[in-house]
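One structure is given below, encoded as structure tokens.
The values are calculated or read from the model by the stated rules, or taken from the named source; none is laboratory data. These numbers come from a predicted model, not from an experiment. When we count neighbours, we look across all protein chains shown, and the Cβ atoms used for this are built from the backbone with ideal geometry, even at glycine. Surface areas here come from the heavy atoms of the whole protein model, side chains and all, with no ligands, DNA or RNA. Shrake-Rupley method; radii C 1.70, N 1.55, O 1.52, S 1.80 Å.
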Amino acid sequence: RVRGRVGRGAPVGGGGLVVRSHMFWTAPRVFWEMPQSLAGDLAGSGLVIVKGDANYRRLVGDRAWPVSTPLSDIVQPWFPAPLLALRTLKAEIAVG
């Protein structure tokens, strides 16, 4: 766990930006297979930021959802915290 400041301002949320590592982040598994230990660790987060096209595709199961499907409809049943997914569109998989 690394704590730090974002930019030159006050720590985000009064507690700083927390960067956490876990072997799951680089595993070839979809996000609903997230280990309970990691899900429990993320559950107390105010916001989880996931970046990259591969991680986005892992969030949606690399499935051809209707484009009008909100991302929250897919991840809300199992993702343990508020989520921000950042990506550059490199595959035809898209929702929301």
Exercise for the section: Inspect the stretch 54-63 for any residue being hydrophobic (A, V, I, L, M, F, W, C) and touching a strand residue (DSSP E or B) at 6+ places or on another chain (Cβ under 7 Å) and give the result as yes or no. Expected result: yes
Practice task
Taking the residues in the stretch 26-35 that are more than 12 Å from the chain's Cα centre (by Cα) and within 28 Å of residue 92 (Cβ to Cβ) as candidates, determine which candidate is least open to solvent (accessible area, probe 1.4 Å).
Solution key: 27
